[in-house]
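Single-structure report; data block below.
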Amino acid sequence: MLFGTVVRSGEKDGRQKRGSPGAPARARFRRYFRGTNRPQVLRLSGSPGWALLCLWLCASGGLLFPGPTAASIANLYGFGARAAGMAGAFTAVADDFSAVFYNPAGLMTQRQPLKYMNRGSFRIENGLQFASPHLYVQEAGGARIEDASLDLFSTFTLGITLEPFDLAGLLPRKCLTFGIGIASPIEYGFWWEREYPRDRTFVFHHDYNQHLMIIPAFAAEPVRGLCLGVGVNVTIDSVADTYGQVIVALDQLQQDGGSVLGRVDISSKNNQLGQFASIKARMSPIGGILYHSPGDRLRLGVTYRGELFFEDSGTNDIVLKIRVREDDPDLFPLGLFFPSRFVRYYSPEEVAAGLAFRPLPSVLVSVDLTWSRWSGYQPQITTPVSFRLFTVKPDFHDTLVPRAGCAVEISPEFSALAGYNYQESPVPNHPGYVTYVDTDRHVFSLGMEYALRGYRLQGYFQYHWAVRRDFFKSPGYGPDFAAGGDIFGFGLNLSAAF
């Protein structure tokens, strides 16, 4: 992408992205706002005259290319330590603050404190979650190259849930409650980055998921055993208006490899690129139904989560200045003006169904099946100016994610958690110009819960096995390659009733 980092207010920071020597400085806004522009490459072919035309088209088309997308933090790594410890098989369980995401109806059936724990009117739960991706690409006969641009994921979670109430006697019984869940990145709250579309980018594992998520929800039990819940996912992130200007000298095109089947680097040395960013919120609905039998031996749940995405939009102004030599004055400018719209962060519409049961009083088993509508993923550019060469069709397909989890009460104070899920990649092979990289993943989870005095401590560890996958490119679009790797995640959560 032909973008840089210009911020209306904020300070510059000299830090560089790991594994990216020479990367331009990131822009920050109160340490919660950053952006980066990576060096990019344009490939040209033919005579110098044809190269000029190609360069103009590529400079304009470069803004038509998408950058990576991302799934939500809750979908990737789980939301809350108990749910993550059961690998997200939580639709029918939903018995802590994370019910606001997994099934808001579960707010009516929160776990009761142990005898020696406080029995207050509300509970506070807070925690930390981390994940470290180690993903690689490997060309035929070559060594594995780990993508060092994938930063450590870190977030702080906070949940508040109320005990059911009757509105001071206005309701016949205590059949209404409220909860709120918050996930806030620890290092950065708002982030944007542009990736050159031909780069091999792991589309779901960049820092695009580092945004602020707030989910308030209400639940009611109109009939004993049947609970209904509704909430709204309020996600806050940065969006940008865009402007770009590229400067390339004619003698660069005439160098070896500069015009005939060669390339011209578009980097910070020969461009003036910028973004004007602001902070905005997007909302999507969450609704759930939960049935629980007397004695809570059986629970059935269904949850709907709406689509949510962020987009950059504005008028792009590209001016290509042609010079005979780098130090000469401009001979003539080539300009292109068009409105554009880029969809960066995308979380699909989902429907999850779950079953939880107790084969023994001390054992809870849960199974989930989640349908994700990735086919609704929109092309990341909408503009009246287009060239067939630059048409990108993601062609993502819908997925079904099976999950299974269990909680075993070893003693009144201590429980063990375990879970597994299989996440099929929605990304097809793209043999042409754009390269999306993603693989199927097997996710294994282990966790624990320990109650001490008036508190409950929870922790989990996750291992994601990104299955090795082969990608095939058409002639002229780069070599075939394979991708795979591992992701390690862990987190802690502490809760108390007041």
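Read-outs throughout are calculated quantities, based only on the coordinates presented, and are distinct from any laboratory measurement. In this text, all values refer to a predicted model and were calculated from it rather than measured experimentally. A quick note on method: Cβ atoms are made from the backbone with ideal geometry, for glycine too, and the neighbour counts reach across all protein chains shown.
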- Message: Taking θ = phi - 60°, what integer Hz values does the Karplus form 6.51 cos²θ - 1.76 cosθ + 1.60 yield along the range 211-221, in sequence order, with x for Gly and Pro?
- Response: 9, 8, 10, 10, 10, x, 8, 10, 9, 9, 10
- Note on the structure: Within the under-12-Å Cβ sphere about Ile160, not counting Ile160, Lys/Arg +1 and Asp/Glu -1 give a net charge of -2
- Task: Provide the net charge surrounding Asn429, with neighbours chosen by a C-beta distance below 11 Å and charges set as Lys +1, Arg +1, Asp -1, Glu -1.
- Result: -2
- Note on the structure: Counting only residues 5 or more apart in sequence or on a different chain, those whose built amide H sits under 5 Å from that of Asp147 are Leu135, Tyr136, Val137
- Item | Loop trypsin sites (Lys or Arg not before Pro), the range 391-470, which have at most 16 other Cβ atoms in a 10 Å radius of their Cβ (DSSP) | Arg453
- Among residues other than Ala482 whose Cβ falls under 10 Å from its Cβ, what is the net charge (Lys/Arg +1, Asp/Glu -1)? 0
- Applying the Karplus parametrisation 6.51 cos²θ - 1.76 cosθ + 1.60 with θ = phi - 60° to the phi angles of the range 162-170, what ³J(HN,Hα) value in whole Hz is obtained for each residue in order, glycine and proline being reported as x? 9, 5, x, 9, 10, 6, 6, x, 6
